[in-house]
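Everything on this sheet refers to the single structure shown next.
Every number here is computed from the coordinates shown, using simple stated rules; none is lab data. Bear in mind the structure is a predicted one, so any value in this text is a computation, not a measurement. Methodologically, a virtual Cβ is constructed for each residue, glycine included, from the backbone with ideal geometry; neighbour enumeration extends over all protein chains shown.
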Amino acid sequence: MNDLTLTVSEFVALVNQTLEYAYPNVTITGELANFRVSKNRWVYFDLKDTESSIKCFGTVYQLPGPLEDGIMLAVKGAPRLHPLYGFSVNVLSMTPVGEGSIKKAAALLQAKLTAEGLFDAERKRPLPHPPYSIGLITSAESAAYRDFMKILNARWGGVTVTLADVQVQGEPAVSAIVGAVEQFNQLSAPPEVLVITRGGGSAEDLQAFSTEQVTRAVAASRIPTLVAIGHEIDTSLAELAADQRASTPSNAAELLVPDRKAVLRQFTTQRAHLNHQLSRLFSSSRQHVKTQARELLNATEHCLVAASQRLTAHSQLLEAFSPKRALQRGYALVLRQDGRMVRSGKQLQTGDELGIHLIDARLTATVKQVTIE
Amino acid sequence: MADTNYQTLNAELEGILAKLQDPDIEVDEAVVLYEQGVKLIAKLEKHLTQAENKLTKLKQNA
């Protein structure tokens, strides 16, 4: 194959054939430089290290999120020689690598989604407490799944949990999680709450939960969401987009359902409170009745005293009309032997015994003669 | 007459007192009225005493 004479186009085709045969695709790690987006569709950038730099070309759909020069990227792509613009790598996928770059990329994405309002407090919906049904998105093999179920069942019973068994790290995680969220949302009888959870891990392990796709899927879920990722200090973007976040899978279960023992204790307290209220009501009613009884007594007594005073007055008045007054004026009372007053001479006969009352003496007399006038 | 209530007895007594205040009243009638008045007062006093006793009993029970 020495001394080949080719046209330019023939040469380009030959090089591309050779490259495609030798390196159908490669993953190259390097620092992002000269990043720019054209027509909202095409992405151009350089990937470089201390000594070399290569051009890369892709579309915005392959972006893991907003990027910035200086970020370390792992770019998977196909090396190509472009007929006009020279050598470049046609990007298939790109991911930030290394703790610093992952955080940087996440920070950029967070700023973008924050500006869009995805994390606004007003968007947060309350979760049903306790829910009747839960859609659980996690790996069936994980400790997160076991911890969540253990705490959930220990605290409360009777909740239907539907598991979407997904990979929670690595490349397939993003589309698996997004797919599970969408599937639950499309159910005719969707669960009352979606729980997306996994245990702690390195920034790279947890990367799926800070991707734009997962974060948007969580934010778009019509079913209220609870996202609980690991024990890390840093919060993933999916957690920020969720209606509620929890620190661990166990914590998620604790937030979702009350502790039945605590509820029972509360009932006891409430019962005691109710009893107390009732006895207070009784004693205040009793007090009221006592007061009323006293008032009744006072009123009656008052009535009796008034009656008694009136009677005394009447008695004195009557005394003023006593026959004694007449006796004092010199009249005398004439009584028959049986004590009845003599009102008429017709009542008397000669010889009748009479009693005569004077003011200061009582006399006995015998009728000598009766002359009717 | 023992069954008659306080109000009726009192009204009767007041009637007697009114009659006794008539300046033209006969001595005999005055005496009769007086006797009736004394009897009524005795009855009224009895009524009042009974009422007071009843009240005292109720007070003790309260």
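Fewest first, what order do A:137, A:71, A:196 take by the number of other Cβ atoms within 10 Å?
The fewest-first ordering by Cβ neighbours comes to A:71, A:137, A:196.
Give the relative contact order (percent, whole number) for chain A; include only Cα pairs under 8 Å separated by 6+ residues.
10
Calculated from DSSP H runs of 4 or more alone, at -39500 (n - 2.57) each and per residue, what is the 222 nm mean residue ellipticity of chain A, nearest 500?
-13500 deg cm²/dmol
Mind listing the long-range amide H neighbours of residue A:34? Cut-off is under 5 Å, sequence gap 5 or more, other chains count too, H placed in the peptide plane at 1.01 Å from N.
Residues meeting the amide H criterion: A:46.
Going toward the positive end of the dipole of chain B, with +1 on Lys and Arg Cβ and -1 on Asp and Glu Cβ, which of B:30, B:47, B:20 do you reach last?
Of B:30, B:47, B:20, it is B:47.
Of the options A:138, A:15, A:43, report the single residue whose Cα projects farthest towards the positive end of the charge dipole of the stretch A:1-155 (beta-carbon charges: Lys, Arg +1; Asp, Glu -1).
A:138
Treating the beta-carbon of each Lys and Arg as +1 and of each Asp and Glu as -1, no other charges, what is the dipole magnitude of the stretch A:221-308 about its Cα centre, to the nearest 20 debye?
That gives the stretch A:221-308 a dipole magnitude of about 600 debye.
Compute the signed sum of charges (Lys and Arg +1, Asp and Glu -1) over the other residues within less than 13 Å, Cβ to Cβ, of residue A:101.
-3
Going by how many other beta carbons lie within 10 Å of each one, how would you line up A:368, A:150, A:261, fewest first?
Ascending Cβ contact count within 10 Å gives the list A:368, A:261, A:150.
Tell me the mean residue ellipticity at 222 nm calculated for chain B from its helices only (DSSP H runs of n ≥ 4, each -39500 (n - 2.57), averaged over every residue, nearest 500).
Calculated at 222 nm, the ellipticity per residue is -28500 deg cm²/dmol.
Arrange A:254, A:295, A:204 by Cβ neighbour counts within 10 Å, fewest through most, would you?
Fewest-to-most Cβ neighbours within 10 Å comes out as A:295, A:204, A:254.
Using alpha-carbon pairs under 8 Å, 6+ residues apart, how would you state the relative contact order of the stretch A:72-135 in percent?
24
Suppose a student asked you for the relative contact order of the stretch A:1-76, using Cα pairs under 8 Å spaced at least 6 residues apart; what percent would you report?
Once normalised by length, the contact order is 30 percent.
Do any of A:150/A:261; B:19/B:39; A:48/A:76; A:48/A:112; A:324/A:368 go past 19 Å between their Cα atoms, and which?
A:48/A:112; A:324/A:368
Assuming a ≥ b ≥ c are the square roots of the Cα gyration tensor eigenvalues, decide whether the stretch A:257-373 counts as rounded (a/c under 1.5), prolate (otherwise, with a/b larger than b/c) or oblate.
Prolate, because a/c is 1.5 or more and a/b exceeds b/c.
Determine the shape class of the protein assembly as shown: with a ≥ b ≥ c the square roots of the Cα gyration tensor eigenvalues, call it rounded for a/c under 1.5, and otherwise prolate if a/b is greater than b/c, oblate otherwise.
prolate
Would you grab the residues whose amide H sits under 5 Å from the one on residue A:82? Only those 5+ places off in sequence or on another chain, please, with H modelled 1.01 Å from N.
Excluding prolines and chain starts, which carry no amide H, the hits are A:87, A:88.
Under the rule a/c < 1.5 gives rounded, and otherwise a/b versus b/c splits prolate from oblate, where does the stretch A:128-221 land using the Cα gyration tensor?
In terms of gyration-tensor shape, oblate.
If you build a Gaussian network model of chain A, linking Cα atoms that sit under 10 Å apart, which residue out of A:267, A:148, A:282 swings the most?
A:282
Work through the residues other than residue B:35 whose Cβ is under 12 Å from its Cβ and net out their charges, Lys, Arg +1 and Asp, Glu -1.
0
Could you tally the net charge around residue A:349, taking each other residue with its Cβ under 13 Å from the Cβ of residue A:349, Lys/Arg +1 and Asp/Glu -1?
+1
Please report the spacing between the Cα centers of the stretch A:236-314 and the stretch A:113-144 in Å, no decimals.
39
Dipole magnitude of chain A about its Cα centre, charges +1 at Lys/Arg Cβ and -1 at Asp/Glu Cβ only, in debye to the nearest 20?
3720
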